[in-house]
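First the structure, in the form of structure tokens, and then the observations on it.
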Amino acid sequence: MNSPKQIVTIWVDAFNRADLDALASLYAVDAVNHQQPNEKVCGREAIKNMFRAEFAAAPFMHCIPIQMIEEGNWCVLEWRDPKGFPGCGFFEVINGLITTQRGYWDKQSFEKLYSF
């Protein structure tokens, strides 16, 4: 079974390809994704729909890993995008699936940088 760090590495690849099916397959059926500037999203299908909407609104999104730190069931991903916009994500992986994801990034700066 893949480690949390391996799962997050696969997640980054799927995210950068905007591959909704591949992303959704990495989440547990009852997973929770809470990007801190936004409301929490519960369930694999709802998370897939969240990514669908985000990729439609911002197709330029790209995750460049800076570092990944694994501890037990968790992997922390520090990232930036091609313009240098930074963020951090926490992924809990149980039985090879993401059960909890929390993201920390500045929504106001993101919208200003990309003129939303």
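No value in this document is a laboratory result; all are computed from the given coordinates. For clarity, every value in this text was computed on a predicted model and none was experimentally measured. Neighbour counts run over all protein chains shown; Cβ positions are idealised from the backbone, glycine included.
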Hey, any idea what Rg/Rh is for region 4-113, computing Rh the Kirkwood way over Cα pairs?
0.92
Contact order normalised by residue count of the chain, Cα under 8 Å, 6+ apart, percent:
29 percent
Residue separation between Asn16 and Phe85 times 0.36 nm, minus their alpha-carbon distance, gives in nm 23.3 nm
Suppose R0 equals 22 Å. What FRET efficiency, 1/(1 + (r/R0)^6) with r the Cβ-Cβ distance, do Ser3 and Glu78 give to the nearest 0.05?
0.80
For a quick check, take a GNM of the chain with Cα springs below 10 Å and name the residue from Ala57, Ala24, Ala14 with the largest mean-square fluctuation.
Ala57
Among Ala46, Ala18, Gln67 the positive-end extreme of the charge dipole of region 4-113 (Cβ point charges)
Ala18
Once Lys and Arg get +1 and Asp and Glu get -1 on their Cβ, which of Ala57, Phe90, Val32 lies farthest toward the positive end of the dipole of region 4-113?
Ala57
Nearest 10 degrees, 0 to 90: what angle lies between the long axis of helix 44-57 and the longest principal axis of the chain (Cα atoms)?
20 degrees
Check: region 4-113 dipole with +1 on Lys, Arg Cβ and -1 on Asp, Glu Cβ, in debye
220 debye
Given only helices, namely DSSP H runs of n ≥ 4 each adding -39500 (n - 2.57), what is the per-residue ellipticity at 222 nm of the chain, to the nearest 500 deg cm²/dmol?
-10000 deg cm²/dmol
Run the numbers for Asp30 and Glu54: contour at 0.36 nm per residue of separation, minus the present Cα-Cα distance, in nm.
6.6 nm
Taking every DSSP bridge whose two residues both lie in the chain, the antiparallel percent to the nearest 5 is 80 percent
